[in-house]
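Here the structure comes first, spelled out in structure tokens, and everything after it is commentary.
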Amino acid sequence: MESLKMNNGLTIPQFGIGVFRLSPEEAEFAVKTALANGYRHIDTANFYMNERAVGRGIKASGLKREEIFLTSKVFPGYYKKIPEVVEATLKRLDTPYLDLFLLHQPYGDIKKAWLDLEEMVRQGKIKSIGVSNFPAKLVDKMMEYATIKPVVNQVECHPYHAQDELRAHHEKLGIKLEAWYPLGSMNKKLINEPLWEELAKKYGKSKVQIILRWHIQKGNIVIPGSRNEAHIKSNIDIFDFALTEEEMAKIAKLDKHKKFLPIPRWLGSLFMPLIRMNFDKQK
């Protein structure tokens with residue numbers, strides 16, 4: 001497992017498992033299976049409604065808490081209640097601290113939320129803080145008042161949407177790019193690109209493993225999700241080969257700047273009523 005150093009001096013495992021769209025039962029199984037197969041990075045969110053299950057999966061692994069990098073996220077409707085949210089998140093995950101906590105969407109009272117997160121870092125309840133789905137301009141605006149830089153920006157990223165411009169911008173600030181939808185949500189056209197078949201035959205790997213290896217060599221943090229035991233095991237089996245510079249260049253030509261889950265600005269106001277949602281009802 002490879003790790004990357006973040007701008008605060010701490011490290012983050014470059015490969016992990018995400019639990020977006022997994023039921024509590026599926027999330028608990030996925031976490032247990034992943035940790036048993038070498039994963040040490042787990043990514044969840046308040047909005048996924050499976051934090052309690054993730055906590056159970058971590059406990060069942062038998063690993064020490066400090067061996068696992070644990071991430072969660074807060075939704076915009078709760079940006080004005082960060083101290084309460086952090087305490088509730090820690091309780092649901094049954095953990096004394098979070099390795100990383102992200103602002104999930106670029107809406108709401110971002111400044112207050114960020115400054116409150118900084119206080120949670122100072123109190124030792126969170127080790128690192130970052131953002132998710134934030135455009136470069138909004139990250140730049142944050143830099144005007146932030147005393148702690150975001151360590152990552154978690155965004156949609158895959159070979160059809162490589163995010164090279166955003167990555168280059170973030171490199172100047174020392175911010176890592178973390179990829180969700182790293183396989184383009186298994187879009188058939190993307191997965192069936194002839195290049196993957198060619199490279200898979202050469203390296204004795206699957207097409208999915210080739211794409212995930214591309215992410216690693218781009219410097220992305222990658223968190224593919226799965227409820228399938230075989231897929232969880234095979235996804236992480238990508239550290240025994242490397243793509244050549246020529247092959248990376250061929251993959252770069254596939255970039256279409258195409259998102260499979262565009263997030264329009266009005267989505268934030270649509271989801272604001274979630275402030276009335278009781279995440280503690282999750283199983």
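What follows draws every value from the coordinates through simple rules; no lab data is involved. Remember, predicted model here, so these are calculated numbers, not experimental data. Cβ placement follows ideal geometry from the backbone for every residue including glycine, while neighbour counts extend to all protein chains displayed.
A few notes on this one:
- Near pairs, Cβ below 7 angstrom, 6+ apart or cross-chain, from segment 1-27 (touching a residue at least 24 places away in the same chain (Cβ under 8 Å) and under 16 Å from D237 (Cα atoms)) to any residue that is buried (at least 17 other Cβ atoms within 10 Å of the Cβ) and small (G, A, S): I17/A30; I17/A34; I17/G225
- The one condition from (1) under 25 Å from V31 (Cβ atoms); (2) in contact (Cβ under 8 Å) with a residue 12 or more places away in the chain that N228 does not meet is (2).
- On the stretch given as segment 7-47, residues that are outside any strand (DSSP E or B), aliphatic (A, V, I, L, M), within 17 Å of E66 (Cα to Cα) and in contact with a strand residue (DSSP E or B) (Cβ under 7 Å, 6 or more places away or on another chain) total 3.
- Within segment 183-220, if we keep just the residues that are of a type outside the set (A, V, I, L, M) and not in a helix (DSSP H, G or I), the residue that is nearest to the chain's Cα centre (by Cα) turns out to be N220.
- Tally, over segment 32-43, of residues that are under 19 Å from E2 (Cα atoms) and free of Cβ contacts under 8 Å to residues at least 40 places away in the same chain: 4
- Counted residues, segment 156-178 - those being among the aliphatic types (A, V, I, L, M) and either in contact with a Pro (Cβ under 9 Å, 6 or more places away or on another chain) or surrounded by fewer than 17 Cβ atoms within 10 Å (Cβ to Cβ) (or both): 4
- Yes/no for T95 being crowded, with 23+ Cβ neighbours inside 10 Å, among the polar types (S, T, N, Q) and in contact (Cβ under 8 Å) with a residue 24 or more places away in the chain: no
- Filtering segment 48-82 to residues that are under 23 Å from L4 (Cβ atoms), in contact with a strand residue (DSSP E or B) (Cβ under 8 Å, 6 or more places away or on another chain) and assigned to a helix (DSSP H, G or I) leaves V54, I58.
- All conditions but one from (1) in a loop (DSSP other than H, G, I, E, B); (2) buried (at least 22 other Cβ atoms within 10 Å of the Cβ) apply to K256; the one that does not is (2).
- Looking only at segment 150-182, and only at residues there that are of a type in the set (D, E) and part of a strand (DSSP E or B), the one that is farthest from I223 (Cα to Cα): E156
- From the options E156, E198, E144, E171, residue that is touching a residue at least 40 places away in the same chain (Cβ under 8 Å) and among the acidic types (D, E): E156
- Between V131, V139, V85, V152, the distinction of being in contact with a strand residue (DSSP E or B) (Cβ under 9 Å, 6 or more places away or on another chain) and surrounded by fewer than 22 Cβ atoms within 10 Å (Cβ to Cβ) belongs to V139 only.
- If you go through segment 61-82 and keep only what is crowded, with 20+ Cβ neighbours inside 10 Å, small (G, A, S) and either in contact (Cβ under 8 Å) with a residue 40 or more places away in the chain or over 18 Å from G124 (Cα atoms) (or both), you end up with just G77.
- The residue pairs whose first member lies in segment 44-60 and is on the phi > 0 side of the Ramachandran plot, whose second member is of a type in the set (S, T, N, Q) and surrounded by fewer than 21 Cβ atoms within 10 Å (Cβ to Cβ), and whose beta carbons are closer than 8 Å, counting only pairs six or more residues apart or on different chains, are M49/Q282.
- Residue tally, condition outside any helix (DSSP H, G or I), of a type outside the set (D, E) and in contact with a helix residue (DSSP H, G or I) (Cβ under 7 Å, 6 or more places away or on another chain), over segment 109-126: 2
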